[in-house]
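In what follows, a single structure is set out as structure tokens and then discussed.
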Amino acid sequence: MRLFIRFLLLLLPLQLSAQTRIVFTPQWTAQSQFAGYYVALEKGFYKSVGLDVEIVHPSVSSPAVNRIKNGTSDIVTMQLLNAMSEVSNGLELVNLMQTSQHSGLQVISKDKSIRTFEDLRGKRVGIWKAGFGELAKMPDYDLNLGIEWVPFIQNINLFISGAIDATLAMSYSEALKIKAAGFDDVSVIPFTGTVYDFPDDGLYTTRSYYEKNRKNVDAFVEASRRGWEWARENVDETVRIVLKYTTKENIATNYVMQKWMLEDVLKLQCPLGSDYPTFRLEKKDFRRLDSVALEKGIISRSVRYEEMKGGVR
Amino acid sequence: MVVNILNEGDAKVIVIDGRLDTVTAPELERSIAPLLAEKSQTVVFECKGLEYVSSSGLRVVLSSYKSVVSNGGKFMLRNLSKDVRSVFDLTGFSRILTIE
Amino acid sequence: MNIRFGRYIHSFSTKLSFYILLVVALIFVAGFVWNYRSSRDFVSNEAVERVQASLDGAVMKIDNVLNSVETAVKNMSWVVADNIDDPESMYRLTRMMLVDNSFIIGSAVAFEPNYFEEKGHYFSPYSYRVGDSIYNKQLGREEYDYHYDDWYLIPKILGKPYWSEPYFDEGGADMMMTTYSFPLYDDEGKLFAIFTADVSLDWFADQVNCISPYENSYNIMISRGGTFIVHSDKSVVLNETFFISSSAIGDSRFKEVGHKMQAGERGVATFERDGQEFYFVYAPIKTTGWSVAVSCLYSEVFAGVDSMRNNMFWIAAFVLVIMAVLCYVTIFRLTAPLAQFAQSANDIAHGNFSARLPRVKSRNEMRMLRDSFDYMQRSLIKYTEELKTTVANNERIESELRIAREIQLGMIPKIFPPFPERKDIDLYAMLVPAKEVGGDLYDFFIEDEKLYFIIGDVSGKGVPASLVMAVTCRLFRTVASHVSDPAEIVASLNNALAESNESNMFCTFFLGILDLQSGKLLYCNAGHNAPLLVAPGGIVTPLDVKPNLPLGVIGGFPYVPQETMLEKGTLLFLYTDGVTEAENPAKELYSDARLKEVLAAANSDVRSLVNDVKSSVDTYAAGTEQSDDITILCLRCNAEEDCMCEVEKELHLVNELSEIAKLPLLVGELASEFNFSEEQVFNFNLVLEEAVTNVVMYAYPEGKSGSIDLVAKCDGKSVMFVVSDSGKPFDPTLVPDADVTLPAEERRVGGLGIFLIRQIMDSVEYRRNGGMNVLVMSKKI
């Protein structure tokens, strides 16, 4: 037995050099939204399953989708709707793990009388100039609210200045910036729990990569999952780990902000009525989004659940 | 009363016979007065023949004792009869005088 | 050590000092607290005002600059409108902005998309300053759609000028700046461009950082969104917001203040952070809606006050210590005499009236106490002196009374047996006077073989009673020598007393005349209690007496004489009521019955019988003070007794020493009759020689011839010698015995004779009788 351990120890350097390299790219710059992956890397969870993972953040010129398309990244995170859209357009993506079970979308207004989507009728509402918008516009479309959408790159000053009546926000991002600016007594209309509540962030790779490196991908998923679970148990340390990456990436942020974000992201991972994540993409959620997206013309064809199935079952 | 004075070695022995009372006591006193003036001598009253003694006699004995002793000599009485001795006892003289 | 310590703890000085110090310390503390609070309030107000003033100064400067920028933009906007037909001229205008306004580091006229068809979607001529040079460039391009920038979008939507939130410009000047955006509208009111002016925030930061009321105070400036524009920690500038910080601190009051700052309010707040309290003074920059705040540590604001407080504390502590010492010393000095007074009082209590008193110089209560002590001492001394005098006087009076009593008692015969030479009469009497001079009396004498005896009790006490008693005694002797009828004697005594009895004194009295040969007793009673007869065998009966009246009551009272025969061996017991009326501690009387009991059981010898009665009375009284004289006279007639065996020899001598030679003859005669031993002969010779020598030597003056009578009796049981002379009164029994215990050197030659007599004989008694000295010496054989 002792001999065996000594043998293992001798093999260890060999093992390290023989690790499989995986390039991982989250969908946005470094922040707590991707805490689980940073933890998995920092805590050596990837290493322990024989993976040499490099986290490469996207840039304006090289977003995550492009990187997966051209193969510079092996695994990426994406929003489910984006992934479906890509699949419908011919990119074969596999959902490896569904981290966020809910949409972080919110409508925030300084006007406390705005409490439902209905209250937004005819109002001037801020919206991202790029991305996220399709889902956000659904209530306007369904309820025919006649909202005047004001596209923005950064909504915070727009919101503060009073140039808009309300703004769309991600609960783990813009909502927190508004809170940080001192606007914590605001009216919030969350998408969570509504018919527009759909699974959001997930882990994806291409079908071909998946087929070729199935064992390693599964190991990556498992280690990532461990990372997320560890983050849930060790929020403060996780935030410090995140801050290491934000500093490396020159992201102007702070501890409080990242902690708020982590707390919200972890909350979104839990299915309604549960305190623990499943990391699983539910078929019924998928189907619901598929039909809605198809109806709104966000995807060009219906995507089957099985097409994207992989990873966590 | 008859008084005889004898030399017995260094000692002067005064031998008294008969009664030593108020009448005879002055006689005794007179006859031994010169003898008592001498220094450092031993004076012995020989009382073998002393039949009777009264307070006057005691007075002579006492004054003799005082002068002999004050001259640095020794004084003693001897051979007292029972009755005479009782007078010496009664008056406490037997405690202060040397009686053989 | 502990005791000493305890004494100091409880001493006056310690306690007083403690209380005084306590009060002073309390006053100090109160004053101290009040002063500290008021100075703190004052300093606090002053500090806040001072901070606000410098804050306002900075804010005003910033506002002025901002306003000047606004004015410059507004003025230039007209020029832009005038030159709208020439897009290229915009570069000139923006450059002019920079030239004219040193605060403006960049200026742009950003047009709506496709405003100039030839310029396309993006057209925004921009001038910016790099060092001293001014450069131009066109901002908009595919990658940079300025139309969505805050500085463009917000004023566009708002339709009014807008100061952007501060941002770090990476495109041009690489510095933190804010942009003033002024929307430009065409004649139809349609927005066609946003005219901007960039202002560097570095200058503002400098202005804010210039506010430095205290060394360690620090300043912040936040934007409308709470973002730090100025902060001591550069890393949080444009990175964190005030609310993030407050959330990190966890003090919700920060957030409230943040909201107030956002709302453009001004004010003062106090916070605590990291255990340090500080003031937080804030004021808004009205132009941009930003807010500037200065925070100053309490420790600095109140450094002066605190150091003053510390100084005051040490001064107070110093003063208190000084006071403590002074108080203690002063009070100790003031009260020190008290301990000495206590010592003095103690000394005085022990009788030292002139005990030294502590010296008190100052005129205070202590001096009064000293004076009182002094007065007390002198009073005590005076009083003691008076007391001594009084006691001396009392003693003198008492001694005089005692002498009077001695004189009185001297009048009655006190030598027993009174008639030693007589065998036919035994008589013993006793008069025990009470403390006061009383009036009891008794007397007796023999004349013509008859014994005259009396007993009496004069009414009352004191000197008057004793006088009456003396008179009665004297009268009795006088009258009795002439009259032999008892009633007659009593009557004449009565008359004599009654005659001159102005004080109504009276005297109970009993007179008896006993014929010593026949035993016939004639008697007369004058109100005295009946004498008792004690027959041999202890039968006690009262003598039959007529009461009659006491003497001195009525002159000429017919006293009745009585007579009886006194049986041989029968005792006649006369007494006064002092015997039967003696009291015990319970105030109960001794009583006749008790007397009779004692008599019945008593010894037949008269002397011991009387003593028995007396001791019985004493036992009964048990220490109770004797209230009345106790007088007893007891006699027994032995009239018919024959003295067959008695031999009596007489010898008559002259006062010559040579006569002593005859004495052995007398002794020899008795010795031959009664067979004396040799020792007895020796001893009796000695006794007689000494007694006779005494008489020869002292009784008669030198050269005077006198006689000495010598009687020697012997009945076979006892020998009695009676030596009588008619010389000057001389009681040889009064010559002190020679001290036979002394050593020879200290022996005196005198006193040996009487000493030897006493030693040899049983009793030696002297009396002066009819001008004769009588010395009776007896001894049982």
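Return the whole-Å distance between the Cα centroid of segment B:1-27 and the Cα centroid of segment C:566-603.
Distance between centres, Cα-based: 63 Å.
Based on alpha-carbon centroids, what's the gap between segment A:257-313 and segment A:137-167 in Å, whole number please?
Result: 25 Å between the Cα centres.
Out of residues 5 or more away from C:PHE302 or on other chains, whose amide H comes under 5 Å of its own, with H placed 1.01 Å from N in the peptide plane?
Under 5 Å from the amide H of C:PHE302: no residue qualifies.
Over the residues of chain B, compute the C-alpha Rg and express it relative to 2.2 N^0.38 Å.
Computed over Cα atoms of chain B, the ratio equals 0.96.
Taking N as the number of residues in segment A:32-92, what is its alpha-carbon radius of gyration divided by 2.2 N^0.38 Å? Don't skip to the answer; put the middle values down first.
Details: Rg = 13.2 Å, N = 61, 2.2 N^0.38 = 10.5 Å.
Output field value: 1.26.
If you keep only loop residues by DSSP, which GluC sites (Glu not before Pro) in segment A:24-120 have at most 15 other Cβ atoms within 10 Å of their Cβ?
Here the sparse-neighbourhood loop sites are A:GLU92.
Going by alpha carbons, how many degrees (0 to 90, nearest 10) lie between the helix axis of B:55-70 and the longest principal axis of chain B?
20 degrees
At 20 °C and a viscosity of 1.002 mPa s, what translational diffusion coefficient does Stokes-Einstein give for chain A, taking Rh as the Kirkwood radius over Cα pairs? Give it in µm²/s as a whole number.
For the chosen part, D equals 105 µm²/s.
Between Rg and the Kirkwood Rh of the protein assembly as shown, both from Cα atoms, what is the Rg to Rh ratio?
Dividing the radius of gyration by the Kirkwood radius yields 1.62.
If you line up the long axis of helix A:2-17 against the longest principal axis of chain A, both from Cα atoms, how many degrees apart are they, to the nearest 10?
Tilt relative to chain A: about 50 degrees.
Sort C:120-131, C:312-323, C:449-460 for me by packing, meaning the mean count of neighbouring Cβ atoms within 10 Å per residue, highest on top. List each step's numbers first, then the result.
On the way: C:120-131: 19.1, C:312-323: 13.0, C:449-460: 22.7.
Peptide ranking by packing, descending: C:449-460, C:120-131, C:312-323.
What's the carbon and sulfur percent of segment A:105-190's accessible surface, probe 1.4 angstrom, rounded to a whole number?
48 percent
Taking only DSSP H segments of four or more residues, each worth -39500 (n - 2.57), what value at 222 nm results for chain B once the sum is divided by all its residues, to the nearest 500 deg cm²/dmol?
So the calculated ellipticity at 222 nm is -12000 deg cm²/dmol.
Any chance you could give the angle, 0 to 90 degrees and rounded to 10, that helix C:365-410 forms with the longest Cα principal axis of chain C?
Value to nearest ten degrees: 10.
What net charge do the residues around C:TYR128 carry, taking every other residue with its C-beta under 13 Å from that of C:TYR128, with Lys and Arg at +1 and Asp and Glu at -1?
Details: positive: C:ARG95, C:ARG129, C:LYS137; negative: C:ASP132, C:ASP169, C:GLU170, C:ASP174, C:ASP198.
Overall, the nearby charge balance is -2.
I need the Kirkwood Rh of segment C:83-198: take the reciprocal of the average 1/r across all distinct C-alpha pairs and report it in angstrom.
14.1 Å
Compute the orientation-averaged projected area for segment C:140-236 from the convex hull of its Cα atoms and round it to one decimal in nm². Could the numbers behind the result be given before it?
Details: hull surface 31.3 nm².
Averaging across all directions leaves 7.8 nm² for the Cα convex hull.
Can you pull out the buried accessible area for chains C and A, both sides counted, probe 1.4 Å, rounded to the nearest 100 Å²? Could the numbers behind the result be given before it?
On the way: alone 40730 and 15020 Å², together 53910 Å².
Protein heavy atoms only, the C-A interface buries about 1800 Å².
Calculate the dipole size of the protein assembly as shown relative to its Cα centre from +1 charges on Lys and Arg beta carbons and -1 charges on Asp and Glu beta carbons; express the result in debye to the nearest 20.
My answer is approximately 4620 debye.
Can you list the residues of segment C:136-171 whose accessible area drops by at least 30 Å² going from the chain on its own to the full set of protein chains, with a 1.4 Å probe?
C:TYR148, C:ASP150, C:LEU153, C:ILE154, C:ILE157, C:LEU158, C:GLU165
Name the GluC sites (Glu not before Pro) in segment A:226-309 that are in a loop by DSSP and that have at most 16 other C-beta atoms within 10 Å, would you?
Those that pass, being in a loop and sparsely packed, are A:GLU249, A:GLU282.
For C:ILE105, enumerate residues with amide H under 5 Å from its amide H, sequence gap 5+ or separate chain, H modeled in the peptide plane.
Here C:ASP198, C:VAL199, C:SER200 satisfy the definition.
Excluding same-chain residues fewer than 8 positions from C:LYS546, which lysines have a Cα within less than 19 Å of its Cα?
Those lysines meeting the cut-off are C:LYS520.
With all distinct Cα pairs included, what does the Kirkwood hydrodynamic radius of segment C:647-780 come out to in Å, to one decimal, could you say?
Kirkwood radius, segment C:647-780: 15.3 Å.
Past the 19 angstrom mark, what percentage of all C-alpha to C-alpha distances in segment C:212-301 do you count?
In whole percent, the share of Cα-Cα pairs in segment C:212-301 beyond 19 Å is 33.
Give me the inter-chain shielding for A:174-187: mean count of other chain Cβ atoms within 10 Å, whole number please.
That works out to 4 on average.
Can you tell me which of A:148-161, C:618-631 comes out highest on packing, and rank the rest after it, using the mean Cβ neighbours within 10 Å?
On the way: A:148-161: 20.8, C:618-631: 16.6.
Highest mean packing first, the order is A:148-161, C:618-631.
Work out the mean other chain Cβ neighbour count within 10 Å for the residues of A:153-166 and drop it here as an integer.
6
Would you be so kind as to list the residues of segment C:214-252 that have their accessible area lowered by at least 10 Å² in the full protein complex compared with their chain by itself (1.4 Å probe)?
C:ARG224, C:GLY225, C:ASN239, C:GLU240, C:THR241, C:PHE243, C:ILE244, C:SER247, C:ALA248
Distance from the Cα centre of segment C:672-718 to that of segment C:246-292, in angstrom?
Cα centroid to Cα centroid, the span is 146 Å.
Quick check: convex hull over the Cα atoms of segment A:156-221, volume per residue in Å³, rounded to an integer? Don't skip to the end; give the middle numbers.
On the way: hull volume 10.1 nm³, N = 66.
In segment A:156-221, the Cα convex hull volume per residue is 154 Å³.
Across the residues of C:686-695, average count of Cβ atoms on other protein chains within 10 Å?
Taking the mean over all residues of the peptide, I get 3.
Using only alpha carbons, build the gyration tensor for segment A:105-190 and give me the equivalent ellipsoid semi-axes, biggest first, whole Å.
Semi-axis lengths for segment A:105-190 are 18, 14, 11 Å.
Shape verdict for segment A:151-297, please, from the Cα gyration tensor: rounded (a/c under 1.5), prolate (a/b greater than b/c) or oblate.
oblate
Please report, in cubic angstrom per residue, the volume enclosed by the convex hull of the alpha-carbon atoms of segment C:424-637. Mind dumping the intermediate values first?
Values: hull volume 22.0 nm³, N = 214.
That works out to 103 Å³ per residue.
Past the 27 angstrom mark, what percentage of all C-alpha to C-alpha distances in segment A:84-236 do you count?
Cα-Cα pairs of segment A:84-236 separated by over 27 Å account for 37 percent.
Give the share of C-alpha pairs in each 10 angstrom bin for segment C:567-610, from 0 to the last occupied bin, in whole percents, shortest bins first.
Histogram of Cα-Cα distances, whole percents per bin: 24, 50, 21, 4, 0.
State in Å² the accessible area per residue of the protein assembly as shown; use a 1.4 Å probe, count heavy atoms of protein chains only, and round to the nearest integer. Please list the in-between numbers first.
Details: 57240 Å² over 1194 residues.
I get 48 Å² per residue for this part.
When only alpha-carbon atoms count, how far does chain C stretch along each of its three principal axes, as whole angstroms with the largest first?
205, 67, 49
Going by amide H atoms built from the backbone, whose H comes under 5 Å of the H on C:THR624, apart from near neighbours?
none
Please report, in whole Å, how far the alpha carbons of segment C:12-127 spread along each principal axis, starting with the longest.
That gives 110, 25, 16 Å along the principal axes, largest extent first.
What lysines sit close enough to C:LYS717 to cross-link, taking a C-alpha to C-alpha distance under 23 Å and skipping anything fewer than 8 places away on the same chain?
Straight-distance partners of C:LYS717: C:LYS423, C:LYS568, C:LYS649, C:LYS779, C:LYS780.
What 222 nm value per residue comes from the helices of chain C, counting each DSSP H run with n ≥ 4 as -39,500 (n - 2.57) and dividing by all residues, nearest 500 deg cm²/dmol? Provide the component values of the computation, followed by the final result.
On the way: 18 runs with 328 residues, N = 781.
About -14000 deg cm²/dmol.
Among C:ARG95, C:ARG370, what's the order by accessible area (1.4 angstrom probe), most exposed first?
Heavy-atom accessible area, descending, gives C:ARG95, C:ARG370.
The values are calculated or read from the model by the stated rules, or taken from the named source; none is laboratory data. All figures in this text were calculated on a predicted structure; none of them were measured in a lab. Every residue, glycine as well, gets a Cβ built from its backbone with ideal geometry; the counts of neighbours run over all protein chains shown. Heavy atoms of the whole protein, side chains included, go into the accessibility calculation; ligands, DNA and RNA do not. Shrake-Rupley method; radii C 1.70, N 1.55, O 1.52, S 1.80 Å.
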